[in-house]
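Worksheet: one structure, shown below.
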Amino acid sequence: MKRICHHLMCVLFVTIMLAHAAAPGHAQKYRYSFQIGAPLPGQLRSPGGVAVDGAGTIVVADADNNRIQVYDNQGNVLRKFGSLGAGDGQFNSPRGVTLWAGNIIVVDRGNDRIQVFDGQGNFIRKFGSAGGANGQFSAPGGVATDAKGKIFVADAYNNRDQILARHGNC
């Protein structure tokens, strides 16, 4: 019990380097702490990915709480979305997260798919399914985008990376 309580009281420190707008070429270091534990807003259990936009808004894939949490550049909770499940906007262990053109792109690892949301957390679309063919995944983990919107997915158990068009086509 003591070990469980200690785990619930642990604090996760996320260090993020953000460019300081007033001093181009110089980076400013910000340190945020988020409580790990129960699924209350702002608390994380097994954060699996983090992305930061140009304004310093922080988006975290909260894997064990099966949700995405969004914080302002001071670490205050702005919103959260998602729950455990396989429906649109639900997750089973979200792991990777990236941002592109105002959208939040999430790796839904346990459901072997990618989900796309608008900046407010409203579901837009999903793509992928379990398997080894092109456009299918087996425990996808990481995700990134390029300037043209191509989506790069680390497909862990298929031992490959996949490059997809922004709408999910191979």
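Brief remarks follow.
- All strands (runs of 3 or more DSSP E) inside region 110-170 with 1 or more residues being of a type in the set (Val, Ile, Thr) and loosely packed, with under 15 Cβ neighbours inside 10 Å: 123-127, 160-164
- Taken over region 44-71, residues that are without any contact (Cβ under 8 Å) to a residue 60 or more places away in the chain and either in contact with a Ser or Thr (Cβ under 6 Å, 6 or more places away or on another chain) or within 21 Å of Asn111 (Cα to Cα) (or both) amount to 17.
- So Gly89, is it part of a loop (DSSP other than H, G, I, E, B), modelled with pLDDT under 95, more than 22 Å from Tyr157 (Cα to Cα) and over 9 Å from the mean Cα position of the chain (by Cα): no
- Residue under evaluation Ala55, criteria (1) touching a strand residue (DSSP E or B) at 6+ places or on another chain (Cβ under 7 Å); (2) over 24 Å from Ile163 (Cβ atoms), criterion not met: (1)
- Among the conditions (1) under 11 Å from the mean Cα position of the chain (by Cα); (2) closer than 18 Å to Ala130 by Cβ; (3) surrounded by fewer than 22 Cβ atoms within 10 Å (Cβ to Cβ), Gly96 misses just one, which is (3).
- Gln136 over 16 Å from the mean Cα position of the chain (by Cα) and either closer than 21 Å to Leu44 by Cα or not small (Gly, Ala, Ser) (or both): yes
- Residue match in region 117-127 (condition: touching a helix residue (DSSP H, G or I) at 6+ places or on another chain (Cβ under 9 Å), closer than 20 Å to Asn169 by Cβ and at pLDDT 95 or above): yes
- Looking across region 40-74, the residues that are more than 16 Å from Ala144 (Cβ to Cβ), touching an Asp or Glu at 6+ places or on another chain (Cβ under 9 Å), of a type in the set (A, V, I, L, M) and buried (at least 20 other Cβ atoms within 10 Å of the Cβ) come down to Leu44, Ile58, Ile68.
The values are calculated or read from the model by the stated rules, or taken from the named source; none is laboratory data. A quick note: this is a predicted structure, and the numbers were derived from the prediction, not measured. Please note: Cβ atoms are built from the backbone with ideal geometry, for glycine as well, and neighbour counts cover all protein chains shown.
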